[in-house]
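The values are calculated or read from the model by the stated rules, or taken from the named source; none is laboratory data. The shown structure was predicted, so the numbers you read here are calculated from the model rather than taken from an experiment. Methodologically, a virtual Cβ is constructed for each residue, glycine included, from the backbone with ideal geometry; neighbour enumeration extends over all protein chains shown.
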Number of protein chains: 2
Amino acid sequence: MEKGLSGARMQDIANEAGINKALVHYYFRCKEKLFEVIFKEAASKLFPRIVAIVNEEIPLFDKIRNFTRQYLEVVIENPYLPMFVLNEMHKQPHAFHAKMFGNNPPDFSKLARQIDEEYQQGIIKAVNPAHLIMNMMSMCVFPFIGKPMIQEVMKIDDLQFRYLMEQRKTEIANFIIDSIKK
Amino acid sequence: MEKGLSGARMQDIANEAGINKALVHYYFRCKEKLFEVIFKEAASKLFPRIVAIVNEEIPLFDKIRNFTRQYLEVVIENPYLPMFVLNEMHKQPHAFHAKMFGNNPPDFSKLARQIDEEYQQGIIKAVNPAHLIMNMMSMCVFPFIGKPMIQEVMKIDDLQFRYLMEQRKTEIANFIIDSIKK
DNA sequence: GTTTAGTTTAACCATTTGGTTAATGCAAAG
DNA sequence: CTTTGCATTAACCAAATGGTTAAACTAAAC
């Protein structure tokens, strides 16, 4: 997950695991199979929980608070996940269309409908659901992808970075709600 | 830039350029040197303009509108840039600390001060500059990193995606300003 | 026409790398 | 104790890959 599919060496993986390289092949056959296992494991850490939250039957603001909090909790504990998943998706876009979501593709249409409804009820301003969802995802995920750059620019160490991310659990939700509430 | 340092093959690069592989070495010596040239070229497309906008002497809201518009213009024309730069930074964090910014490191302290000032003047709410800047960057960059995923989830093609990104030139600024204005 | 200096290529080379194999280890079952 | 079936390893292999070299090409300078 650190080096990516093409950057990782089977020998290094074996070393890291403290076993012989042949044993890696014994269990996983080939690099691609191993990659697939790792990738699915990573993706399944990220997506199912999100889909669940998005489809809960709760008010929009609560949903936003839940989503950002829970998403950040996952990613804080697995900071390599976003870069790994997105990077590999980027390099082989077609390979994942159905592969990774399986029979449970994330469906934001319900959330989009909810956003429209709460607008009708005068709770929020008129907002484009597509952009709202993108904004929410962006603010949750990006800091972990840009971590090295952020740390360099802000001149902060890992601990300070983690503290910032803990803050974001509530910061992002407040930021979004402040923007869209009427 | 599509495949990354470890994923790209010198032969493929030569093929793509329609020349002999030895010629690539003739001009660039080795893969790392070629990478360095490409990386610096990519980074210099992204950062200098941003730094300039951030340090202009204009009101915060105008600055936010300028930043998001110009950033998106660069990235819409070079959609591979963010993933490439961030991915390679991720894989060799130390190698870029000074290397890529050279003697002109981006300095957001002035912007942070401006945010504080405009809060004192009652123009905006109390906001943490670090998070505000991260949010702004996130919303500009992330969609291009998550493009394959976004297209899959939203079921949209390249043209529709581009249209969404054109919208974001103003959407993001409005979203931010709505959130922080008093 | 010859020289000269830069450009381009096919053929080659050494190393790396994913992958295989045959032998050995080992613990539970008989 | 022997057998049995999986686990583990050292040694090995073929292909891929970054890199080199010597020869050929080209166009401008003389």
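Residue by residue, here is whether (1) surrounded by fewer than 16 Cβ atoms within 10 Å (Cβ to Cβ); (2) among the acidic types (Asp, Glu) holds:
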| residue | (1), (2) |
| --- | --- |
| A:ALA43 | no, no |
| A:LEU46 | no, no |
| A:GLU56 | yes, yes |
| A:MET89 | no, no |
| A:PRO105 | yes, no |
Original post:
Taking segment B:134-182, which residues are outside any helix (DSSP H, G or I) and either under 20 Å from the mean Cα position of the chain (by Cα) or of a type in the set (S, T, N, Q) (or both)?
Top reply: B:GLY146
Original post:
How about segment B:81-95: which of its residues are at pLDDT below 90 and more than 7 Å from chain A (Cβ to nearest Cβ)?
Top reply: B:GLN92, B:HIS94, B:ALA95
Subject >> segment A:166-180, residues that are out of contact with any Phe, Trp or Tyr (no Cβ under 6 Å at 6 or more places or on another chain) and at the interface with chain B (Cβ under 9 Å from one of its Cβ atoms) >> reply: A:GLN167, A:ARG168, A:GLU171, A:ILE172, A:ASN174, A:PHE175, A:ILE176, A:ASP178, A:ILE180
Original post:
Can you tell me which residue in segment B:33-48 is farthest from B:MET89 (Cα to Cα), limited to those that are within 16 Å of DNA strand D (Cβ to nearest atom) and either within 14 Å of chain A (Cβ to nearest Cβ) or in contact with a helix residue (DSSP H, G or I) (Cβ under 6 Å, 6 or more places away or on another chain) (or both)?
Top reply: B:LEU34
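Taking A:GLU73, is it at pLDDT 95 or above and at negative phi?
Working: at pLDDT 95 or above: yes; at negative phi: yes.
So A:GLU73 fits the description; yes.
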Original post:
Among the residues of segment B:1-29, which ones are among the small types (Gly, Ala, Ser) and either within 12 Å of DNA strand C (Cβ to nearest atom) or more than 14 Å from every other protein chain (Cβ to nearest Cβ) (or both)?
Top reply: B:SER6, B:GLY7, B:ALA14, B:ALA17, B:GLY18, B:ALA22
Subject >> Selection count, segment B:127-170, where residues are free of Cβ contacts under 8 Å to residues at least 12 places away in the same chain, more than 24 Å from A:LEU164 (Cβ to Cβ) and either touching a Leu at 6+ places or on another chain (Cβ under 9 Å) or basic (Lys, Arg) (or both) >> reply: 6
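Taking segment A:108-125 as the search range and keeping residues that are β-branched (Val, Ile, Thr) and more than 22 Å from the chain's Cα centre (by Cα), which one is surrounded by the fewest Cβ atoms within 10 Å (Cβ to Cβ)?
Within segment A:108-125, the subset β-branched (Val, Ile, Thr) is A:115, A:123-124.
This time we only want the ones that are more than 22 Å from the chain's Cα centre (by Cα), so: A:123-124.
On the way: A:ILE123: 15, A:ILE124: 20.
Of everything passing the filter in segment A:108-125, A:ILE123 is surrounded by the fewest Cβ atoms within 10 Å (Cβ to Cβ).
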Original post:
Given the residues A:PHE67, A:PHE35, A:PHE39, A:PHE61, which is the only one that is crowded, with 16+ Cβ neighbours inside 10 Å and either within 11 Å of DNA strand C (Cβ to nearest atom) or not in a helix (DSSP H, G or I) (or both)?
Top reply: A:PHE35
**OP:** Could you pull out the residue among A:GLU152, A:GLU166 that is in contact with a helix residue (DSSP H, G or I) (Cβ under 9 Å, 6 or more places away or on another chain) and over 23 Å from A:PRO48 (Cα atoms)?
**Re:** A:GLU152
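Just checking, which of A:VAL54, A:VAL85, A:VAL24, A:VAL74 is aliphatic (A, V, I, L, M), touching a helix residue (DSSP H, G or I) at 6+ places or on another chain (Cβ under 9 Å) and within 16 Å of DNA strand D (Cβ to nearest atom)? Before you say what the answer is, go through the steps one by one.
Working: A:VAL54 fails: within 16 Å of DNA strand D (Cβ to nearest atom); A:VAL85 fails: within 16 Å of DNA strand D (Cβ to nearest atom); A:VAL74 fails: within 16 Å of DNA strand D (Cβ to nearest atom).
None of the others qualify; the one that does is A:VAL24.
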Subject >> Some residue of segment A:112-127 being touching a strand residue (DSSP E or B) at 6+ places or on another chain (Cβ under 7 Å), assigned to a helix (DSSP H, G or I), charged (D, E, K, R) and at pLDDT 95 or above >> reply: yes
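Taking the criterion of being among the small types (Gly, Ala, Ser), out of contact with any Pro (no Cβ under 8 Å at 6 or more places or on another chain), surrounded by 22 or more Cβ atoms within 10 Å (Cβ to Cβ) and modelled with pLDDT of 95 or more, would at least one residue in segment B:141-155 satisfy it? Before you say what the answer is, go through the steps one by one.
From segment B:141-155, those among the small types (Gly, Ala, Ser) are B:146; that's our starting set.
Next, from what is left, pick out any that are out of contact with any Pro (no Cβ under 8 Å at 6 or more places or on another chain): B:146.
Now drop any that are not surrounded by 22 or more Cβ atoms within 10 Å (Cβ to Cβ), which leaves B:146.
Keeping just the survivors that are modelled with pLDDT of 95 or more gives B:146.
Yes, segment B:141-155 contains a residue that is among the small types (Gly, Ala, Ser), out of contact with any Pro (no Cβ under 8 Å at 6 or more places or on another chain), surrounded by 22 or more Cβ atoms within 10 Å (Cβ to Cβ) and modelled with pLDDT of 95 or more.
What are the residues in segment B:1-20 that are surrounded by 15 or more Cβ atoms within 10 Å (Cβ to Cβ), more than 6 Å from DNA strand D (Cβ to nearest atom) and either among the basic types (Lys, Arg) or not in a loop (DSSP other than H, G, I, E, B) (or both), if any?
So in segment B:1-20, the residues surrounded by 15 or more Cβ atoms within 10 Å (Cβ to Cβ) come out as B:1, B:4-8, B:10, B:13-14.
Then drop every residue that is not more than 6 Å from DNA strand D (Cβ to nearest atom), which leaves B:1, B:4-8, B:13-14.
Once the filter is applied, which keeps residues that are surrounded by 15 or more Cβ atoms within 10 Å (Cβ to Cβ), more than 6 Å from DNA strand D (Cβ to nearest atom) and either among the basic types (Lys, Arg) or not in a loop (DSSP other than H, G, I, E, B) (or both), segment B:1-20 yields B:GLY4, B:LEU5, B:SER6, B:GLY7, B:ILE13, B:ALA14.
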